[in-house]
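The values are calculated or read from the model by the stated rules, or taken from the named source; none is laboratory data. Computed from a predicted model, the values in this text were never measured in an experiment. Glycine also receives a Cβ, built like all others from the backbone with ideal geometry; neighbour counts cover every protein chain displayed.
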Amino acid sequence: MALASDIPPDTSHHLGDRYDHGEIEPRIRELWDGADIYRWNPDDTTRPKWFVQSMFPYPSGDLHIGHWFAFSGGDAAARFKRMEGYNVLHPQGFDAFGLPAENAAIRGNVHPSVWTYDNIANMRNQFDLMGNSYDWSRQIITCDPEYYKWNQHFFLKFLENGLAYRSDGAVNWCPEDQTTLANEQVKDGKCERCETTVIKRNMPQWYFAITKYADEMLDMSGIDWPEKVLVSQENWIGRSEGVDIRFDISEYDLETTSIPTFTTRIDTIFGVTFVVLAPEHPLVDELTQPEYQATVEKYVAAAARETEIERTSAVREKTGVPTGSFCLNPLNGERVPILVGDYVLATYGTGAVMGVPAHDERDFEFAKKYNLPIRVVVAPKGWDGHDLDAAYIAPGVQVNSGEFDGLPSEQGKESISDAIEANGWGERVVTYHLRDWLISRQRYWGTPIPIIYCDDCGAVPVPYEDLPVELPSDAKFQPSGRSPLIEHEEFLNAPCPNCDRSGKRETDTMDTFMDSSWYHMRYLSPEDATHPFDRKVANGWAPVDQYTGGMEHAVMHLLYARFFNRAMRDMGYVDFSEPYVHLFSHGTLTTETGKISKRSNPLAPDPLVREYGADTLRCYLMFLGPWDRGGAWTESGINGIRRWLHRVWDIGTRDASELNGGDQADERELDVASHTLTKRVIEDMRAYKYNTSIAALMTYVNQMNDAWENGGVTPELWRSSVQRLLLHLAPLAPHIAEELWLRNGWAFSIHEQTLPEWDEAKLTVDTIKIVVQVNGRVRDTITVPTDAGDKEIAAAALSSPGAVRHTQDKQIHREIYVPGRLFNIVVG
RNA sequence: GGGGGAGUGGCGGAAUGGUAGACGCGCAUGCCUUAGGAGCAUGUGGCUGCGGCCGUGCGGGUUCGAAUCCCGCCUCCCCCA
């Protein structure tokens, strides 16, 4: 601060020049850079701390208009907080690992590193055009070995603490990207990146034990996030309580003597009339009787060709074939048929479900189709014993349920579960939709997993002192689908850290969501060579107070980061649980053809910046509508913002000494307008309502123009109004606000000033306008002194011409006065 | 199928129980200008007999008063299956 204000105001320009954004904006940014006003001072404890961050971008090559939409709002939030008196840390970086770089390498023979750093250089220039208040001295780039070294460090720590493990099994494989994917990265059965249909493959992969924290992450009491994000996370974790119950098949003399099924509706157990196995279920072969063999085999083969989405689609007809075998319902000893049906998935629950057609829609449909019995065991209110037209899903009263008859089904659930556990037929279990996080990727451009495989010692961690395991810079990129690391002999072959015999390195790299799971912490100590971050600084400055980003990360990134933070907490790195306290999800900016993103519609902002200036573009994007709703991009209307900033310029460059002043009414009016402005803008900015903040500023500019026209205000009042206008404008249009601030002779920098306050007592003029209604319809308005009594107001309202016209010849039943707003007369 | 959000002028939107349409775009008229896709001023939901009447997706309800609250429906968007 002290250093900054030593810089003399710029006097080379004079009041009265035209608003020339092309000349002003770069010059102002140089002033900011020269004084380094956005550099974070971690030691300043005189002000409360505020760690504010926008989700960092992938260095795709260019900042598009969608980035501007996201980062303009993020910057306005940071600047506003700074002017509210906080010590602000507002960093930025690049999420620099990922497939596009590698694909570019395969296509164009340019190394992913070169491609990435070129893009970053270009995007830094584009970022500079925006004039955001980032402290670039803390920039982090995740593909830098100095960064990914700490990914490897955490991987080893996770391994030591039982949070990372290697496991063989069915995984999601994207044939286009030639890599496995985490469950969160599969959308509608397709790869989240390239929309190729994902297939199942069996291969050994590394996992993080995120499910250990499933229950803890369901507790969202420590975070202030948008409801829809919380709901998304809750749904994704998908906790459900139920019962694993076994159906006896010992009559077939197999190794397995029962079929385990999972159900959340154990209260319907007496309604089981069949059991359905997934086509991939291991017991299908053994249970299929010879006469059914041909049909079952055909059915299983057909199911294998379909995707999970197709199979579980609600509109699709449910199909199945009998195996000819039966199993026993432990509760009533009934023998029910076993079928194979493709609406049951092998990967969910136990791969087998008990069929209760009376109380499950899919089972109902299935039973109707194959003429299986439908037995009601949970009766709807007033049920008369007749057949159901549809499955009855809701709670009811137990019937046809033996000793449990008459119990409300919610209670039946508990009593039946108790009985099952007491008899050893099964047990209560909690299942989750969330799976452990698969982090292995068969690609080059990511963090190498620090493991060496040794024939004698197995998977051996690379010692900490050997980190980072660096990506070889001379890897070859070919469209073979094989990772360049497998082909790279020098990288691949490494001595076993344990026994020193020859070993092979793990050639898989980490999911790039690893990088973003803790990057915010690295901003705090970007150059720390001995720790991922400084623990003392971290516990003083983290968690992030305010985080902004798009809804597309509602589950993936934000869930991984919550997991990672808890893992760090339990390993002693931090003493808090949640990484991001407040979250604001901005909407998506779209064009006629869809979402603007790195993958489509890159609408370049640079020509718009040249034509209109960064301030105009920033304000225009923030004025489009509420930030959390997004909107359709169209250039029409941007001129309105330009016109407005020209008017701001005009007002900010007028010579106040031309004013005579002395009109008390004019002065009072401008004073009221000023306090109203401050109240509106501060309240709206706190709620990220940038569109209405700008509307309030526009109104104020119009009011200032009127005041100037009337000429009744003093030069002092005028100048204080200009000051107020600029202070409130500064977070939104930082360049023009600074330039006008300096031209008026005020101390550099406006961005280090404190916002003005408002006085509730100064929000009303001497007279107020009161609406007069008759039976709720507006008939007149009256103007009364602010301090008028209720009787006075009633008299004025009742005698107003509009009221008289509608109340004569009528009986007045009631009079309702809403203080300061309206007077309603109720007539009969 | 489940969950979340939205529906208001020609357009983006404002107003979350108290004058519907703030603010802006567009449009219209006028002024200024050699000229203007510039600037300035005024107007701008529809109908009107100038008293008013109608109007916030549709139908009902609560209330002195409803875009806002309640019940039923329709449409669109997003997320999940």
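Within segment A:450-496, count every residue that is closer than 21 Å to A:T142 by Cβ and crowded, with 18+ Cβ neighbours inside 10 Å. Working first, answer last.
So the first thing to find is which residues in segment A:450-496 are closer than 21 Å to A:T142 by Cβ, and the list is A:450-451, A:462, A:464, A:466-473, A:475, A:477, A:483-485, A:491.
Among the residues that remain, those that are also crowded, with 18+ Cβ neighbours inside 10 Å are: A:450-451, A:462, A:467-469, A:471, A:475, A:477, A:483-485, A:491.
Number satisfying all stated conditions: 13.
Residues are listed down the side, and each one gets a yes or a no for (1) within 13 Å of RNA strand B (Cβ to nearest atom); (2) touching a helix residue (DSSP H, G or I) at 6+ places or on another chain (Cβ under 8 Å); (3) in a helix (DSSP H, G or I):
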| position | (1), (2), (3) |
| --- | --- |
| A:H557 | yes, yes, yes |
| A:G572 | no, no, no |
| A:S577 | no, yes, no |
| A:V609 | no, yes, yes |
| A:D615 | no, yes, yes |
| A:C619 | yes, yes, yes |
| A:G625 | yes, yes, no |
| A:I651 | yes, yes, yes |
| A:R654 | no, yes, no |
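Would you check which residues across segment A:497-554 are in a loop (DSSP other than H, G, I, E, B), surrounded by fewer than 15 Cβ atoms within 10 Å (Cβ to Cβ) and of a type in the set (S, T, Y) and list them?
Kept after step one, since they are in a loop (DSSP other than H, G, I, E, B), are these residues of segment A:497-554: A:497-501, A:506-508, A:511-512, A:517-518, A:523-534, A:542-543, A:554.
Subsequent filtering for residues that are surrounded by fewer than 15 Cβ atoms within 10 Å (Cβ to Cβ) retains A:499-501, A:527-531.
Hit for segment A:497-554 is A:T530, nothing else.
Which of (1) over 45 Å from the mean Cα position of the chain (by Cα); (2) at pLDDT 90 or above does A:D384 not meet, given it meets every other one?
Going through the list (1) over 45 Å from the mean Cα position of the chain (by Cα); (2) at pLDDT 90 or above, A:D384 breaks only (2).
Of everything in segment A:685-720, what is among the acidic types (D, E) and either more than 9 Å from RNA strand B (Cβ to nearest atom) or under 12 Å from A:S674 (Cα atoms) (or both)? Give them in sequence order. Show your work before the answer.
First pass over segment A:685-720, keeping only residues among the acidic types (D, E): A:706, A:709, A:716.
Answer for segment A:685-720, where residues must be among the acidic types (D, E) and either more than 9 Å from RNA strand B (Cβ to nearest atom) or under 12 Å from A:S674 (Cα atoms) (or both): just A:E716.
Does A:E611 meet the test of being more than 18 Å from A:N705 (Cβ to Cβ) and surrounded by fewer than 19 Cβ atoms within 10 Å (Cβ to Cβ)? Spell out the reasoning first.
Details: more than 18 Å from A:N705 (Cβ to Cβ): yes; surrounded by fewer than 19 Cβ atoms within 10 Å (Cβ to Cβ): yes.
For A:E611, the condition - more than 18 Å from A:N705 (Cβ to Cβ) and surrounded by fewer than 19 Cβ atoms within 10 Å (Cβ to Cβ) - is met.
Tell me the residue from A:G776, A:G745 that is surrounded by fewer than 14 Cβ atoms within 10 Å (Cβ to Cβ), touching a residue at least 24 places away in the same chain (Cβ under 8 Å) and away from RNA strand B (no atom under 16 Å from the Cβ), please.
On the way: A:G776 fails: away from RNA strand B (no atom under 16 Å from the Cβ).
Result: A:G745 is the single residue among A:G776, A:G745 that is surrounded by fewer than 14 Cβ atoms within 10 Å (Cβ to Cβ), touching a residue at least 24 places away in the same chain (Cβ under 8 Å) and away from RNA strand B (no atom under 16 Å from the Cβ).
Among the numbered criteria (1) surrounded by fewer than 20 Cβ atoms within 10 Å (Cβ to Cβ); (2) of a type outside the set (A, V, I, L, M); (3) within 40 Å of the chain's Cα centre (by Cα); (4) modelled with pLDDT of 80 or more, which single criterion is violated by A:G324?
Of (1) surrounded by fewer than 20 Cβ atoms within 10 Å (Cβ to Cβ); (2) of a type outside the set (A, V, I, L, M); (3) within 40 Å of the chain's Cα centre (by Cα); (4) modelled with pLDDT of 80 or more, only one is false for A:G324: (3).
What residue, of A:Y299, A:Y213, is among the aromatic types (F, W, Y) and over 22 Å from A:E365 (Cβ atoms)? Please lay out each step first, then the result.
Working: A:Y299 fails: over 22 Å from A:E365 (Cβ atoms).
Within the list A:Y299, A:Y213, the selection yields A:Y213.
Only one of these conditions is not met by A:D95: (1) under 19 Å from A:M510 (Cα atoms); (2) surrounded by 22 or more Cβ atoms within 10 Å (Cβ to Cβ). Which number is it?
In the conditions (1) under 19 Å from A:M510 (Cα atoms); (2) surrounded by 22 or more Cβ atoms within 10 Å (Cβ to Cβ), A:D95 misses (2) alone.
Let's see how each residue does on (1) farther than 22 Å from A:R642 by Cβ; (2) over 37 Å from the mean Cα position of the chain (by Cα); (3) among the β-branched types (V, I, T):
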{"site": "A:Q703", "(1), (2), (3)": "no, yes, no"}
{"site": "A:W718", "(1), (2), (3)": "yes, yes, no"}
{"site": "A:A737", "(1), (2), (3)": "no, no, no"}
{"site": "A:T783", "(1), (2), (3)": "yes, yes, yes"}
{"site": "A:A794", "(1), (2), (3)": "yes, yes, no"}
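Quick one: which strands (runs of 3 or more DSSP E) lie wholly within segment A:163-260 and hold at least 3 residues that are free of Cβ contacts under 8 Å to residues at least 40 places away in the same chain and more than 21 Å from the chain's Cα centre (by Cα)?
Details: elements: A:164-174, A:179-181, A:199-208, A:240-248.
So the answer is A:164-174, A:199-208.
Residues in segment A:801-816 that are of a type outside the set (D, E), more than 9 Å from RNA strand B (Cβ to nearest atom) and part of a strand (DSSP E or B): how many?
Number satisfying all stated conditions: 1.
(1) more than 9 Å from RNA strand B (Cβ to nearest atom); (2) buried (at least 19 other Cβ atoms within 10 Å of the Cβ); (3) more than 45 Å from the chain's Cα centre (by Cα): which one isn't true of A:I825, the others all being true?
(1)
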